[in-house]
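The numbers here are math on the coordinates, done by the rules we state, and not lab data. These numbers come from a predicted model, not from an experiment. Cβ placement follows ideal geometry from the backbone for every residue including glycine, while neighbour counts extend to all protein chains displayed.
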Protein chains: 2
Amino acid sequence: MPYEIDETHDPKLESWVESANDPKSDFPIQNLPLGTRVSIDDDGDSWLSVVTRVGDMVVDLSALAASEIIPDEDDEWAFFGVDAIAADGTWPSLRRQLQQLFSRDDSRLRSHTDRDEIVMPAEEVGLGLPFFNMVIDYTDFYASLFHATNVGSMFRPDNPLLPNYKHIPIAYHGRASTIVPSGAPVRRPRGQLLPGATIADGDPVFGPCKLLDYELEVGFVVGRGNERGSPIAIGEAEDHILGMCLVNDWSARDIQKWEYQPLGPFLAKNFATTVSPYIVTMEALAPFRTPAMERAAGDPTPLGYLTSEHNTKAGGVDITLEVFLSSAKMRDSGAEPVRLSRGSFKDMYWTIGQMLTHHASNGCQMQPGDLLASGTVSGPTRDARGCLLELTWDGDPFASPPKVVPGTQRTPIKLPTGEERKFLADGDEVIIRGYCEREGYRRIGFGECRGIIEPAFEG
Amino acid sequence: MPYEIDETHDPKLESWVESANDPKSDFPIQNLPLGTRVSIDDDGDSWLSVVTRVGDMVVDLSALAASEIIPDEDDEWAFFGVDAIAADGTWPSLRRQLQQLFSRDDSRLRSHTDRDEIVMPAEEVGLGLPFFNMVIDYTDFYASLFHATNVGSMFRPDNPLLPNYKHIPIAYHGRASTIVPSGAPVRRPRGQLLPGATIADGDPVFGPCKLLDYELEVGFVVGRGNERGSPIAIGEAEDHILGMCLVNDWSARDIQKWEYQPLGPFLAKNFATTVSPYIVTMEALAPFRTPAMERAAGDPTPLGYLTSEHNTKAGGVDITLEVFLSSAKMRDSGAEPVRLSRGSFKDMYWTIGQMLTHHASNGCQMQPGDLLASGTVSGPTRDARGCLLELTWDGDPFASPPKVVPGTQRTPIKLPTGEERKFLADGDEVIIRGYCEREGYRRIGFGECRGIIEPAFEG
């Protein structure tokens, strides 16, 4: 079984970086996520280096390699990206060595003359996209049954779930060029909008999106690819996954509604997708694996190519996911961000192994650094809904008997400033946080995925 | 107006490369398309260089730059990709200089000692993807009204065209990792297939695709990008387009039918997409521009952001497109490939300028080297249908009164060996050819886009 719990997860391990020992820290030395630093010199030239994070400190692995504190005989991890570290199997050994290097009693780096060029306060370091600042292929799934049922209930009250949903991990390709790091502002998109409910009420107009939304998602990153034409067996799927991150799949609901048939969402999604700064590796997540979500009586058994013992017993990951909103007015008045939802990634109908295996089942070539996202993570309860489209909607498809209310009936969320939101306003900041907690283990966190909405383009 | 006819299109210009003067050549010195050479040395190391083509000869532009026959003071086009050549505006000047260099009376290269390292027979040169052998983002449109109506008639006889079609250049994101150069074999994909017409007839099974198809498409390549958040005005759209190529969007119809709702085609398309070896630049295509397809009475006028005088008068491109099929048995018996269809790119409902402008209208960032494809190019007549799904189908949505036949009724195509095809068999080779012809101008061709179907993965 891949990614077993071992001595690297021992909760008693502490670091000489004291902030890593805070039980509330996302980044104890049991975590050691991977990110990408973007450095810019006085001439404006920029370069990239792979980093990890310990407590409040960012660790530049290229600088560490140059110091030769940890031998890097083949120059394997000094000059290459996250993908190279993952693809050649360097990571498990490097992870152990990094954990030792930052352990309380290890003085090699702590008292090294180059220490300040290797270990820096996180707030002083600029981080790009965690996959060496670039994605070639990005795929977005639709793996939450609760989300699919909620959204289906709005648009097809009599038939919320399409017949393929429980057989296929449904997905579509996203746009790589507009994947942006946490903190990058997001401009409200413009697009074709219908003035009424359907075209019968009037022709479309072009203008700023009025129903701007976020989608809480979890991403996972390919470490090892496959050859074009050859599938990835479900039993080996997780060997191909480097780790996970947080994703906000910003969505323009009014553009989406008018454009999405028959080929799926396009401009409603591809103006921006925000990802968190670190890939939390599968090694760090080992203590938090859970069984795949139990299928209800009468649900079809997944086909053989999507079934394995590991997947059934431990294909899930229990990541607590929270979304916060902060309006411009809230920030001006010093109010804390308001929590909109709280759920867990364990409540997904399809596992990350099933998603990857399905993706490659036709021979599609996966490559190191590819980003796959889960689709909106919504749970069974109202407060675990992962987007405003669901959160401010008054239907409840899980009530018995089903209580389905047309999607246009919305109850706004009240903010501490007295403001109300059905969808996002200019100046709103959306903050996604994710972390794993389990009795007997250190908390493993993802940090934050943030973005502020800017006004639409004028011109 | 961009890309005007000028003296570079003079049909009397001839080359000292005699094969370029053949009136049937795709590559006279009025064309000068851009491609990418993949060189591999004895140690297995590979490198890329930008090439053009003159008659039967490939011209290595990196080797040409090194020769200093044409001054390249800033090293602009020696070491960079097609995208750099386009993005910095080098191309129009370089095109003129190349045309002069290969003109009949120019002896600089013809009698140069390095000539054989610069000019090589095409059959001795390995070419990769024309965009410096890599695509980051690939988008596929659906811009033929005839194709959309044909396909819609099969799946929704009473409502072939969805209400958004004549307002929006519909598109979806494709997979970049499986875009392959002409000649690369294509493995028959496996996937989930329904044994009957719907799920009511039985649960899906996993196995080799039975309804494998090609799609004749035209691609166009971004030369200059835009900033994230800022649109591309329709009046400037063509300034951002470097040129065009041929695309085969291989499609698994049975996988597509079961998977595509609600998020669009995914595994039915992303196993392989074949492109022709050269980008024929917009400069070379200037004499073949046509008005945008005339809209029928009652069709909506495109919204303002999709309208310009140039687009209406000359937004189209008259490229003759032909598809040929050759089965393994035909090749064994020495039979010539059979032509399946013949149409023109001028019959598209949406222009390339409208497609690009729509794509960036929400602020989506376009980057040099991005590939956009038109969707299946089908014309108004039966012999101009651009895929087997349409060609072997017996309906005729353009008959009056409409004669709509369920999509399952198929008339096979007969091959000279006595074989029949409703869809592609293993060993079939699909060959797409494209060229522009107009009285008073030299023929400008695209070469070929080829691929042979290999049997499905077994394991």
FRET efficiency for A:ASP106 and A:ALA296 from the Cβ-Cβ distance with R0 = 41 Å, rounded to 0.05, comes out at 0.25
With θ set to phi - 60° and the Karplus curve 6.51 cos²θ - 1.76 cosθ + 1.60, what are the ³J(HN,Hα) couplings of the stretch A:437-443 in order, to the nearest whole Hz, using x for Gly and Pro? 9, 7, 3, x, 9, 6, 5
From DSSP H assignment alone, runs of 4+ in chain A each adding -39500 (n - 2.57), the sum over residues rounded to the nearest 500 puts [θ] at 222 nm at -4000 deg cm²/dmol
A correct Stokes-Einstein calculation for chain B, using the alpha-carbon Kirkwood radius, 37 °C and 0.692 mPa s, returns a whole-number D in µm² s⁻¹ of 143 µm²/s
Whole-Hz Karplus couplings 3J(HN,Hα) for the stretch B:294-304, θ = phi - 60° and coefficients 6.51, -1.76, 1.60, Gly and Pro as x, run 5, 7, 5, 4, x, 5, x, 6, x, 4, x
Is there a quick way to get the dipole size of the stretch A:7-124? I mean about its Cα centre, with the Cβ of Lys and Arg at +1 and of Asp and Glu at -1; what is the value in debye to the nearest 20? 640 debye
Copy-to-copy spacing for B:PRO11, label 7 Å out on the Cα-to-C-beta vector, in nm, shortest first? 8.4
Looking only at other chains, what is the average number of their beta-carbon atoms within 10 angstrom of each beta-carbon in A:366-372? 1
Which of A:ALA237, A:ILE452, A:MET293, positive extreme of dipole for the protein assembly as shown (C-beta unit charges): A:MET293
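Can you put B:LYS422, B:LYS24, A:LYS269 in order of Cβ neighbours within 10 angstrom, beginning with the fewest?
Ranking B:LYS422, B:LYS24, A:LYS269 by Cβ neighbours within 10 Å, fewest first, gives B:LYS24, B:LYS422, A:LYS269.
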If you place +1 on the Cβ of every Lys and Arg and -1 on the Cβ of every Asp and Glu, how big does the dipole about the Cα centre of the stretch A:138-454 come out, in debye to the nearest 20? 240 debye
Quickly work out the A:MET134-to-B:LYS210 label distance, labels modelled 7 Å from Cα along the C-beta direction, and quote it in nm with one decimal. 4.4 nm
Using the number of other C-beta atoms within 10 angstrom as an exposure proxy, rank B:TRP393, B:TRP350 with the fewest first. B:TRP393, B:TRP350
Going down the table (A:LYS269/B:LYS422; A:LYS166/A:LYS313; A:LYS346/B:LYS257), which pairs top 25 Å between alpha carbons? A:LYS269/B:LYS422; A:LYS346/B:LYS257
I need the calculated FRET efficiency for the pair B:GLU123 and B:SER333, taking r as the beta carbon distance and R₀ as 25 Å, to the nearest 0.05. 0.60
Tell me, what is a quarter of the convex hull surface for the C-alpha atoms of the stretch A:180-295, in nm² with one decimal? 10.8 nm²
Mean shadow area of the stretch A:185-227, taken as a quarter of the surface of its Cα convex hull (nm²): 6.4 nm²
Per-residue HN-Hα couplings for the stretch B:341-354 [Karplus 6.51, -1.76, 1.60; θ = phi - 60°; Hz; x = Gly/Pro]: 7, 8, x, 9, 5, 5, 8, 8, 6, 10, 8, 5, x, 5
How high is the relative contact order of chain A? Use alpha-carbon pairs under 8 Å, at least six apart in sequence, and give a whole percent. 21 percent
With DSSP loop assignment and no more than 11 other C-beta atoms within 10 Å, the GluC sites (Glu not before Pro) in the stretch B:94-132 are none
A:LYS329: which aspartates and glutamates have alpha carbons under 16 Å from its alpha carbon, excluding same-chain residues fewer than 8 sequence positions away? A:GLU419, A:GLU420, A:ASP426, A:ASP428, A:GLU429, A:GLU454
By count of other Cβ within 10 Å, fewest leading, how are A:MET154, A:MET134, B:MET244 ordered? A:MET134, A:MET154, B:MET244
Please list the non-local residues whose amide H lies under 5 Å from the amide H of A:SER341, H modeled 1.01 Å from N, same-chain partners needing a gap of 5 or more. A:VAL323
Which chain A residue comes nearest the axis with its C-beta when you rotate A onto B, and by how many angstrom? A:GLY264, 1
Scan around B:TRP393 for amide H atoms under 5 Å from its own, H built in the peptide plane at 1.01 Å from N, and keep only partners 5 or more places away or cross-chain. B:THR411
Debye, to nearest 20: dipole size of the protein assembly as shown, +1 on Lys, Arg Cβ, -1 on Asp, Glu Cβ: 3920 debye
Using a label position 7 Å from Cα in the Cα→Cβ direction, what is the ascending list of nm distances from B:GLU76 to the same site in the other copies? 4.4
Per residue Cα convex hull volume in Å³ - calculated over the stretch B:118-207: 186 Å³
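When Lys and Arg each count +1 and Asp and Glu each count -1, what net charge do the other residues less than 14 Å away from A:LYS166, Cβ to Cβ, add up to?
So the surrounding residues net to -3.
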Taking a label point 7 Å from Cα toward Cβ, how far is B:PRO291 from its twins in the other copies, in nm, shortest first? 6.8
Here D for the protein assembly as shown, in µm²/s, from Stokes-Einstein with a Kirkwood Rh over Cα pairs at 4 °C and 1.567 mPa s, works out to 45 µm²/s
